[in-house]
Amino acid sequence: MSAEEPPDLTDEERATYEWQMWVEDFGEAGQRRLKNASVLVSRVGGVGGTAAYYLAAAGIGRLVLAHGGDVRPSDLNRQLLMTHAAIGTSRIASAEKRLRELNPRLDIVAVNDQVSDANASGLVAQCDVVVACAPRFSERLAMNRAAVQQGKPLVNCAMYDLQGELTCVLPGRSACLACLTPEEPPTWKREFPVFGAVAGMIGAMGAMEAIKLIAGIGQPLAGRLMMIDLRTMVTRTMTIARDPQCPVCGVKAER
């Protein structure tokens, strides 16, 4: 987040965000911080699309979105920024259109590509907080490396079947994603069982983590991994520690 004084709110913004500014430790100061902040979300499918949607609804100033490919019928059970009319056209264009309909004040940087080692550093450099929602571990790990190198907080949102996971990386203070999963598992597949409601739930929680980090409220999930099983509605939170030998955030990486 920029160290400069956050911009004032317009009368339209005060009317739009009135109810959330009633949150005691958020208020107008928190709303101004959101307006002044930029968040990278990749990708903007079932999980990331929900995160982006709620960040836009909350009044984030800028979203940097990365997602390649065209809309397919199989996207529509969960990717709420895509539409039936957009089948066969760019996913990122559909997402940008839907978000502007919700919040015409929003500044959007739309990247019609997936995150990779080649572009991760440049994308992360444009934001204050990273929300990682890509289905491939390689994309998440690329964002994690760039976020740690640049000292940017990262919120990791993941789901499979009826299970969801959420954690937060504060570079230099908490475990990073590579501490937990240093390489993409060889058995991992991009396509997996998913209900939109599960993806949407974890995406909304990821958006709230990003809002907390930007506004300086609450306690982020740094050093903790929250896991929820929607079959049983059981939630567990476990403590995770930095790996001193981690190639990204460990002692060797810091030299």
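With the simple model of a label 7 Å out from the Cα in the direction of the Cβ, GLU183 to TYR160 spans 1.7 nm. For the stretch 41-90 versus the stretch 218-236, the inter-centroid distance based on Cα atoms is 24 Å. Sequence-distant contacts, meaning Cα pairs under 8 Å at least 6 residues apart, place the relative contact order of the chain at 19 percent. In this simple spin-label approximation, ARG14 and LEU102 carry label points 7 Å from Cα along the Cα→Cβ vector, and these lie 2.6 nm apart. Using a cutoff of 8 angstrom between alpha carbon atoms and counting only pairs six or more residues apart, the relative contact order for the stretch 163-255 works out to 42 percent.
Going from the residue with the fewest nearby Cβ atoms within 10 Å to the one with the most, SER138, SER94 rank SER138, SER94. For the chain, list log₁₀ I(q)/I(0) at each q in 0.07, 0.09 Å⁻¹, using the Debye formula over Cα point scatterers of equal strength and ignoring solvent, two decimals each. Treating every Cα as an identical point scatterer, log10 I(q)/I(0) equals -0.22, -0.37. Above 23 Å, the calculated P(r) of the stretch 51-182 contains 35 percent of its Cα-Cα pairs.
Helical runs (DSSP H, four residues minimum) scored at -39500 (n - 2.57) apiece and divided by the length of the chain put the mean residue ellipticity at 222 nm at -10000 deg cm²/dmol. Extension gain for the segment THR83 to THR239, taken as residue separation times 0.36 nm less the Cα-Cα distance, is 52.2 nm to one decimal.
Between the amide H of ASP70 and those of ARG91, distances stay under 5 Å, these residues lying 5 or more places away or on another chain, with hydrogens modeled in the peptide plane.
Throughout, read-outs are computed from the coordinates displayed, never taken from laboratory work. As the structure is a computational prediction, the values presented were derived from the model and not from experiment. We place every Cβ from the backbone using ideal geometry, glycine too, and count neighbours over all the protein chains shown.
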